[in-house]
Amino acid sequence: MTGSATNRVRKNGVVKKRRRRSSNFVAGMAMLSPALIVLGAFVFFPVLYVAYLSLTSWDLISPAPKFVGFQNYLDLAQSGDFLAALVRTAVFSGATAAIMLPAALFLAVLLNQEFKGRSIYRTVLSSPYVVPLVGSSVVWLWLYNPNYGLINYVLGLFGISGPAWLQSSSTALLSVIIASAWQYVGYYTLLFLVGLQSIPVELYEAARMDGAGSWTEFKSITVPLLTPTILFASTVSVLQSFQVFDQIYVLTGGGPANSTTTLVFYLYQQGFQFFHIGTASAVSVFMLLSLVTFTTLHLRFSRRWVHYDL
């Protein structure tokens with residue numbers, strides 16, 4: 001075979017490979033196009049449009065938004081109400097995670113033991129998570145009632161005068177934290193339970209043969225091998241509590257004296273009560289960037305303490 005014929009064969013082979021790749025690319029894009037269209041219409045476009053609105057001043061009544069650049073962000077940086085809402089959101093997220101995750105881990109360890117009726121307890125414990133947030137908040141509204149609420153009634157049996165939980169700025173945020181932790185503790189218990197059941201039983205058997213006690217097993221086997229689940233649960237819990245709205249809207253309405261106004265509720269006030277669409281959009285962009293930053297840093301620093309084997 002001459003050199004020119006060999007070159008033609010090679011070129012034909014290259015052309016066929018390119019055509020094959022092109023056809024595979026077209027087929028792949030055709031299969032992905034429905035999902036891409038949905039994501040573009042309901043995720044990417046809204047995010048980009050909100051980012052644009054954050055650079056404008058608009059009240060939903062004017063015919064068109066007025067471009068103001070980064071003025072909305074500068075106003076937020078100088079707003080005492082916004083900074084206070086940011087601090088409350090951080091406190092709410094941290095306190096909710098600090099209460100909920102240890103309680104969920106403790107319950108998961110208990111439910112991982114062999115005892116009669118274990119499946120019933122698991123079902124009951126996870127049931128609050130499937131209750132609508134508004135419905136459970138209405139129940140907590142009754143429980144916290146200072147006059148005929150169940151919580152103050154039980155405290156009264158021990159001679160304790162219960163506070164006005166939702167009407168006092170000193171206890172309102174704590175009350176919402178407790179209600180939110182109760183709502184989600186069952187979900188995180190199931191997460192930890194799945195993580196516990198994925199740990200090989202042979203490790204515990206070997207530890208018992210070496211004379212290890214229950215606390216040693218928990219400290220040296222359970223916790224290290226559960227760190228991937230702890231990482232996931234801690235990340236999701238912060239993201240979830242950072243966006244709390246329903247409980248605050250039903251229980252306190254952001255009060256008293258804005259003591260329970262978090263970032264999402266502040267966004268709601270600016271956008272749908274005061275019609276400051278640009279400010280509300282700037283708050284939402286700030287929240288998005290904050291959550292992305294938190295998740296990135298949390299995952300990066302997790303390499304120091306997350307273990308996938310002993």
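Helices of the chain meeting both criteria, an alpha-carbon length of 24 angstrom or more along the long axis and an average Kyte-Doolittle score not below 0.5, with helices taken as full DSSP H segments, are 80-111, 172-197, 223-242, 277-301. The gain in end-to-end length when the TYR121 to HIS307 segment is fully stretched comes to 64.0 nm, 0.36 nm per residue minus the alpha carbon separation.
In whole percent, how big is the carbon plus sulfur part of the accessible area of the chain, probe 1.4 Å, protein atoms only?
On the way: 12630 of 18670 Å².
Percent of accessible area from carbon and sulfur atoms in the chain: 68.
Excluding ligands, DNA and RNA, the accessible surface per residue across the chain is 60 Å² with a 1.4 Å probe.
Rounded, prolate or oblate for the range 116-156? Axes are the square roots of the Cα gyration tensor eigenvalues, ordered a ≥ b ≥ c, and the cut-off for rounded is a/c under 1.5. Present the calculation step by step, with values, prior to reporting the outcome.
Working: a/c = 6.26, a/b = 1.69, b/c = 3.71.
The shape class here is oblate.
Residues LEU157, LEU299, LEU239, sorted by accessible area with the largest first, give LEU157, LEU299, LEU239 [1.4 Å probe; ligands and nucleic acids excluded]. Put a dot 7 Å past the Cα of GLN113, heading toward its Cβ, do the same for LEU36, and the two dots end up 5.5 nm apart. Under the convention that each Lys and Arg Cβ holds +1 and each Asp and Glu Cβ holds -1, the size of the dipole of the chain around its Cα centre is about 2100 debye. Segment TYR49..VAL154, full-extension length gain: 32.7 nm, with 0.36 nm per residue of separation and the alpha-carbon distance subtracted.
In terms of its C-alpha gyration tensor, the chain has an oblate overall shape, because the principal axis ratio a/c (a ≥ b ≥ c, square roots of the eigenvalues) is not below 1.5 and a/b does not outweigh b/c. In the chain, helical runs assigned H by DSSP with n ≥ 4 each contribute -39500 (n - 2.57); averaged across all residues and rounded to the nearest 500, the mean residue ellipticity at 222 nm is -22500 deg cm²/dmol.
With a cut-off of 13 Å between beta carbons, the residues surrounding SER57 carry a summed charge of -1, where Lys and Arg count +1 and Asp and Glu -1.
The values are calculated or read from the model by the stated rules, or taken from the named source; none is laboratory data. For clarity, every value in this text was computed on a predicted model and none was experimentally measured. Positions of Cβ are generated from backbone atoms using ideal geometry, with glycine treated the same way; all protein chains shown enter the neighbour counts. SASA here: full protein model, heavy atoms, side chains in, ligands and nucleic acids out. Shrake-Rupley method; radii C 1.70, N 1.55, O 1.52, S 1.80 Å.
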